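Trainee: Handing you a structure now.
The values are calculated or read from the model by the stated rules, or taken from the named source; none is laboratory data. Bear in mind that the values here come from a model prediction, so they are computed numbers and not experimental data. Every residue, glycine among them, receives a Cβ derived from its backbone with ideal geometry; neighbour counts consider all protein chains shown.
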Amino acid sequence: MLPAECSRRLVAELRDALDSCAERQRQLEQSLRVSRRLLRAWEPAETPAPEPTPGPEINEETPSSACPPSPQDLKELELLTQALEKAVRVRKGLSKAGGVKARSPKSGSASSATRASAPPSTSRCAGSCALEAKPPRGVRHPWVPAKDLPGHRLLLVGDGPHMGQGARANKPEAGLGDQQIVPKAASQVPEAFTLKDKGALLRLPEAFRKAASRNARLWAQLSSMQTGDSVDTAAATAKTQFLQKMQTAAGQPSSMLSAAEVRRLQKACSLLRLRMREELMADPKDWTQEYRSLLTLEGLQALVGQCLHRLQEQQELRSVVVEQLQGPCPEGPPRAALPCGGDADPVWSPQLLLYSSTQELQTLAALRLRVAMLDQQVHLEKVLMAELLPLLSEQEPLGHPWLALCRAAHCLLCERGQRFLTVLRDEPADRLSPP
Amino acid sequence: MGRRRRRRPDPADAARALPEAIAALSRALPAAPSPETFRRAKFDRPEAAPALWRLLFRVLSPLPADGASASLALEAQARWVKSALRSQGYPRQALVQLPDEGFQGGRELLLALAWLLARGPLPERLLTQSRVRLGDEMPLCECEALASPGLPAPSVEAEGCVDIRHLQWLMGKLRLRWRNLMAGQQEQCALLGQIHAYTRGCHSDRSLGHLSVTETELLRDPKGGRQLLLQLETENARLEAALEWRRRELVFWQWMDTVLDACPPEASLPTFLPRIPKLGAGAAGLLVRELQALQEELREAVEARRAAWQAAVGGHGPEWRAARRALQTAVAQDLAALQRAWEQDEGRSRPHGPCRLVRTEARVPGGPGLWAAGVTEALRAREACLEAVLSQLQSQCRQELARLAGARPGLIWILPPAH
């Protein structure tokens, strides 16, 4: 068993890592849900879109003219609706058999044979109009084959996105057949909207486009105002003076190790280590190179000393501080280093990242996750080293607990927790003391 | 406040400038109190304080305001604000000495807010955090993910001792989560690719060319689309307020000077020192250990080479001295360049920040934008670098463990086969 403090810290670190992973997963799952839903057939919208401008429009050649239904239409539709409801009651349970759509008749229109595939938008719109005039109850469900209904060969609209624009387009005398039997499900028109087939016809609504372009413009203005900060140097000076005044009014030293500086030193450490590796690996061919290598290593040693000195004087300061301050501080477990510098300028608007194939995108995304995972692993490795190695070197007794700890530590530290080593005693005659 | 721009004599203009600046600020910040509250705060009126505590809490907390954090009692929020300010190095003690109940000290709170505003582009940063994302974004670095550590969760407390096997189990769990994540991510990319391909040609913005998931979703679900539009419009209003604030802020700073002057001078407590920010405590400790290890390695290497050099130095001629000086200068420049690499903020060299994904068939760089191939290369380099660091740390551990094991005779250690 590990000591309490050590346990607490390590468990907190690992839980932290697990939580951040879980958060990513949550966000990913949400995106997946949305994307999958978009690629399926789109369900009917719950509320009709109020805009008069073209939304998801399939047949753009439809001349649309808004027209309120005439009273006679309304009466006929009333009858229609009642008949339909009756049929629903009759055929309860089968109405979801899926698939036969029906159209509402228009009064007085002699039929030119309008097939199911005939100008669907007009009839659709007529139907939607009708449906809006009288909010139907069971009517939206796909309809059973009309031939099953004695005397009523009714056609009813069931298609979603177009119900949305029902208010708009209505051709009362569109040459629609009055009572057509819609052929069976097998040959029916797939009226559901899928992105695959008709995605290229979508258009964004006008209001949204305006708002989005205004948004982009404002962000651009804001960012140019920041980067070209000579716009108002008077304000910049005033701010610096204010800060200085605050500082002197409080009367205390301001040399504190900021988070940015810690990050800088972390970067320094990794750059120095990298450089050292390079020098140690290099094979000097002649004395100039040897001497140069020696000088470089000595220089690196000096730089490391400087960084340590800076850190250590702050560590002393910190221990003084900790004694005096009380109260909670929003301090969690030490976080993995922010590679880019979290205090950097906020990113104003995202850049464009251009890719040309799904494969490319997948590679990129996989790499990005891999880098994030490695970052986390490096951090965890350092934390584990800091906690476990001292523990192992402190414990003296050569017994089972120590061996078990050593083996587990090796697994965690050296094999990323994936493989174990085996320990054998060299003297089989010795009895092992019970743990 | 009114935004009428009639021609007025100067004094009235000047008198209006400050309220308008404060009004702009109040519109630009999230959940800011009315401009009247600011004025009351200057005179230390008690009703101003709670609003300013809440504003500071909202501004300082890294997460966007959600139900959990917003419902914290005023007292808890006040305490949190105090420690957050302390960890950023806020200089004034008077704030810390304010009672937690939150009804006093409007002026101090006003000064704290001004201090935060002076240090960096605060309204802009807040706007960036809560930005409406219209495109499909992929963050190229982990800044945003890591920058929101969240409020301290006191749930994990008093765990007691754990067996190391528990840690192994947690590590395995972590590995599994990453694997699931990566698989899910691949699927998401495939779906995105399809959506982008199917909606090609739909976008009014030619440089984008196709719709993003958000935009397609707004077409599919008009209700959600209206909400998105509302959010956009709110953001636009705040952006305009931020721009106006930037134009007018000078008069605010002049006013803050008077506020500061109105405060009684603080008794200087030389022993009061702000705490190192939250990144400091543990990370600095780790860093110290790393640097010490590095120093040790360097020392050994240098000693060995210096000894070898001294032994061989005799056999060099007079041109040696000049050459030596040249080498010394060269190395010094080299190391200075290395030092510059971390001293200066080189955040731009690495791909940074979220990017909007755009699928394109084009081969020519039409406008500003990163190419996926380039970013992939950069990421591969970073991956290699991190792998190197990790394996170096692992070999360090192996050596240390071998040393410890070697100290105990009578055991045979069979290492797992190297892959």
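Trainee: I need the full set of residues from the range A:339-377 which are of a type in the set (D, E, K, R) and modelled with pLDDT of 90 or more, in order please. Lay out the reasoning, then the answer.
Mentor: From the range A:339-377, those of a type in the set (D, E, K, R) are A:343, A:345, A:360, A:368, A:370, A:375; that's our starting set.
A:360, A:368, A:370, A:375, listed by residue number.
Trainee: Further question on the same structure: How about the range B:88-104: which of its residues are outside any helix (DSSP H, G or I) and under 25 Å from the mean Cα position of the chain (by Cα)?
Mentor: Correct list: B:89, B:90, B:91, B:92.
Trainee: Being among the charged types (D, E, K, R), surrounded by fewer than 21 Cβ atoms within 10 Å (Cβ to Cβ) and more than 7 Å from chain B (Cβ to nearest Cβ) is the filter here; which residues of the range A:261-277 pass it?
Mentor: A:261, A:277, listed by residue number.
Trainee: If residue B:252 meets every condition in (1) assigned to a helix (DSSP H, G or I); (2) at the interface with another protein chain (Cβ under 9 Å from one of its Cβ atoms); (3) under 23 Å from residue A:204 (Cβ atoms) apart from one, which number is that one?
Mentor: Failed condition: (3).
Trainee: Further question: Among the residues of the range B:46-98, what is the count of those that are modelled with pLDDT of 80 or more and away from chain A (no Cβ under 13 Å)?
Mentor: Result for the range B:46-98: 15.
Trainee: OK, next. Which members of the range B:362-402 meet the condition of being of a type in the set (Lys, Arg) and under 26 Å from residue A:275 (Cα atoms)? Walk me through how you get there before you give the answer.
Mentor: Let us first name the residues in the range B:362-402 that are of a type in the set (Lys, Arg), namely B:363, B:380, B:382, B:398.
Answer for the range B:362-402, where residues must be of a type in the set (Lys, Arg) and under 26 Å from residue A:275 (Cα atoms): B:380, B:382, B:398.
Trainee: Using the structure shown, decide if residue B:341 is modelled with pLDDT under 85 and closer than 16 Å to residue A:299 by Cα.
Mentor: Spelling it out, residue B:341 is indeed modelled with pLDDT under 85 and closer than 16 Å to residue A:299 by Cα.
Trainee: Additional query: Can you name every residue in the range A:1-19 that is farther than 15 Å from residue B:163 by Cβ and surrounded by fewer than 21 Cβ atoms within 10 Å (Cβ to Cβ)?
Mentor: A:5, A:9, A:12, A:15, A:18, A:19
Trainee: Starting from residues that are facing chain A (nearest Cβ under 7 Å), in contact (Cβ under 8 Å) with a residue 12 or more places away in the chain and not β-branched (Val, Ile, Thr), keep the ones in the range B:208-239 and report whichever is surrounded by the most Cβ atoms within 10 Å (Cβ to Cβ).
Mentor: B:211
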